[in-house]
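See structure below.
Read the figures in this text as sums done on the coordinates, not as results from a lab. Predicted model only: the values in this text are computed from it and were never measured. Glycine gets a Cβ as well: all are built from the backbone with ideal geometry, and neighbour counts include every protein chain shown.
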Amino acid sequence: MAELPLPVPDEATAPFWEACRDGELRIQRCTGCAVFRHPPQPMCRQCGSSEYEWTAVSGRGSVFSYIVTHQPIHPALADLVPHLVVLVELEEGVRITSNVVECPPDEVAIGMPVEVTFERVNEEITLPKFRRV
Ligand code: ZN
């Protein structure tokens, strides 16, 4: 059976994945203007600073948008369709693509409050997922 493709941490994203392994959601925050940003980037779009820190965030947010795929876009998803993919807007203002676990696709709604939960895949990768609150 096909396996889902997994993230490949690089220099820019490794701290994000390390935090997920520790059960913590950490998001890049510009130390120049304090704006959060995700996905990780080397430079701030707001002020141009290349200085940043990794800040632990609440993990709470709401569904900003979602899509339900009925055709498996990857062989590993064949048994998982219909498959719910959500864009969660965190309280800190950044958006993160993920899934809402234990939520039938017809029960998801824009604005639905969610909080992060972590799904360990292997020794290296733990995926941030979300659940209803
Ligand atoms: Zn900035």
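For residues in the stretch 34-49 being more than 28 Å from Pro113 (Cβ to Cβ) and surrounded by 12 or more Cβ atoms within 10 Å (Cβ to Cβ), which is farthest from the ligand (Cβ to nearest atom)?
Among those residues, the one meeting the criterion is Met43.
Those residues that are touching a strand residue (DSSP E or B) at 6+ places or on another chain (Cβ under 6 Å) and within 11 Å of the ligand (Cβ to nearest atom), I need them from the stretch 50-70; list them, please.
Hit for the stretch 50-70 is Tyr52, nothing else.
Can you tell which of Leu84, Leu127 is more than 26 Å from Arg29 (Cβ to Cβ), touching a Ser or Thr at 6+ places or on another chain (Cβ under 9 Å) and not hydroxyl-bearing (Ser, Thr, Tyr)?
Leu84
Return the only residue of Ala12, Ala19 being outside any loop (DSSP other than H, G, I, E, B) and in contact (Cβ under 8 Å) with a residue 24 or more places away in the chain.
One residue alone meets the criteria, Ala19.
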